[in-house]
Amino acid sequence: MPPMQALRRTGAGRIHWGLAWGDGVGTSPRLWGKRYSSAAPAYADPPAPPPPEKDSDPVQQSGPPARSSPSPPPSPPVAETDTFSVEVAGEWKPPEKPAPPALSPEEAYRIEQEQRWLKLQHIQQEQFKLHYNNQKAAGFDTPFRYITPNDLRDRPVEYPWLRSNEPARKAAPTFWTMLRDKHLLSVAIARARTHLRSPEYEVFEYQLEQDVLPVVHDMFVGLSDMDIATDARKLRPVMTLGIGERFAAGARTLRDRGQRVEYKFHSRPSLRLLGIHFTYGPYPAPADYVMQPWVNIITLVIPKEDAKFESTQKQRAIMKRAEDEGVFMRVNMRMTADIEMCLYDGNELPLMRDRRKKVDFQFVSPHFTPWDQPFDYQDGVWGPLRWQWRVSDIDYLLQSEGEKAKKEEAGA
């Protein structure tokens with residue numbers, strides 16, 4: 001039998017409807033389709049009371065109430081669960097929630113930073129687990145670096161420190177270059193002893209390490225202090241002007257962004273000698289002088305007319321004159337230590353932590369002549385150096401830029 005529609009009007013302007021099938025006589029309607037709940041919500045108007053009957057009205061009764069015929073039993077109400085309510089008067093809207101209390105800008109920023117820090121800790125924990133699994137699978141210690149969500153945005157691109165995930169600025173040595181450098185290092189150490197004539201420098205590598213370690217310590221202390229790191233003149237006692245200005249410019253960029261850098265040692269540093277280079281001649285060099293390289297460890301600053309080779313005897317005389325005019329030495333050393341570079345924002349929250357195991361330094365001596373005494377000597381006792389070494393390059397930063405500029409000039 002086709003379904004028919006059953007309608008029933010209720011109070012408060014609501015219509016209940018349903019689809020049922022049957023003959024409509026002696027059968028209860030059954031819902032066709034899905035059962036929908038139509039329980040009246042709390043905001044619906046109560047149904048209107050039924051009008052009073054005439055027989056029960058005390059004003060119109062003039063005698064005893066007449067016996068009335070029994071009324072038929074009321075029809076069972078339609079189950080509320082078998083109907084679907086349709087609001088006719090208007091669309092219902094949920095009550096508006098009260099607005100949260102307004103926070104001050106400082107409190108809102110503090111909450112934002114706390115949430116950011118918790119998220120950062122979770123990411124670092126997950127990455128440390130991944131690093132531990134990779135290290136366990138590799139079977140040896142692999143470098144670990146924290147990567148934060150703000151790594152791309154907040155990474156100090158203008159800062160000259162070489163990070164652990166960046167490629168080296170100098171190509172790795174081959175087997176033959178390692179043999180050559182080892183031989184040249186022994187020749188250079190013997191030559192350096194002739195310039196630094198002291199019983200302490202008989203053990204050249206050990207005494208050199210003891211002299212440059214305080215310089216390294218003072219340099220990292222200065223780079224961690226933004227008042228010193230942003231001024232290249234304040235870095236002059238431990239760094240030359242070229243490398244000091246590069247790090248000072250990077251520190252000023254970080255300061256403008258409300259950030260700072262701090263270096264931390266997690267192990268005792270040690271330095272190993274890699275090579276020595278000598279530059280002979282006057283300093284500063286006159287305008288009509290040129291630089292002439294000899295082998296890989298010597299460079300002469302000589303007049304332009306002496307740059308052309310004529311004979312071996314004349315070259316030896318040129319070499320002798322250049323040595324008498326003075327020398328300064330450049331010493332390449334590699335520091336082995338667990339050093340960490342931390343980048344902080346204005347609220348002292350770490351944005352990046354980068355740890356390295358090896359850092360390459362180049363130290364330079366002041367210019368001195370054979371008649372200058374580089375050591376203190378009193379009453380037959382040799383004292384320490386009268387001057388200290390200074391850092392002239394870190395991780396071959398200036399050297400790589402100079403080689404790149406020469407290639408560009410040659411290509412142009």
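The values are calculated or read from the model by the stated rules, or taken from the named source; none is laboratory data. Predicted model only: the values in this text are computed from it and were never measured. With ideal geometry, Cβ positions are generated from the backbone for all residues, glycine too; neighbour counts draw on all protein chains shown. Accessible surface areas use protein heavy atoms only, side chains included; no ligands, DNA or RNA. Shrake-Rupley method; radii C 1.70, N 1.55, O 1.52, S 1.80 Å.
Quick notes
- Scope the range 260-280; condition open to solvent by less than 20 Å² (accessible area, probe 1.4 Å), farther than 13 Å from Val359 by Cα and out of contact with any Ser or Thr (no Cβ under 8 Å at 6 or more places or on another chain); matching residues: Gly275, Ile276
- Evaluated against (1) aromatic (Phe, Trp, Tyr); (2) loosely packed, with under 14 Cβ neighbours inside 10 Å; (3) modelled with pLDDT of 90 or more, Tyr132 falls short on exactly one condition, (3).
- Any hit, the range 357-366, residues being in a loop (DSSP other than H, G, I, E, B), more than 30 Å from Arg110 (Cα to Cα) and open to solvent by 30 Å² or more (accessible area, probe 1.4 Å): yes
- Residue list for the range 209-228, filter: more than 20 Å from Tyr396 (Cα to Cα), open to solvent by less than 80 Å² (accessible area, probe 1.4 Å) and of a type in the set (A, V, I, L, M, F, W, C): Met226, Ile228
- The C-beta contact set for the range 309-328 (first residue surrounded by 12 or more Cβ atoms within 10 Å (Cβ to Cβ), second residue part of a strand (DSSP E or B) and polar (S, T, N, Q), distance under 6 angstrom, 6+ apart or interchain) comprises Phe328/Thr279.
- Among the residues making up the range 301-328, a single one is closer than 22 Å to Trp371 by Cα and touching a Lys or Arg at 6+ places or on another chain (Cβ under 9 Å): Ile302.
- Scanning the range 369-387 for residues that are open to solvent by less than 50 Å² (accessible area, probe 1.4 Å) and in contact (Cβ under 8 Å) with a residue 40 or more places away in the chain yields Thr369, Pro374, Phe375, Leu385.
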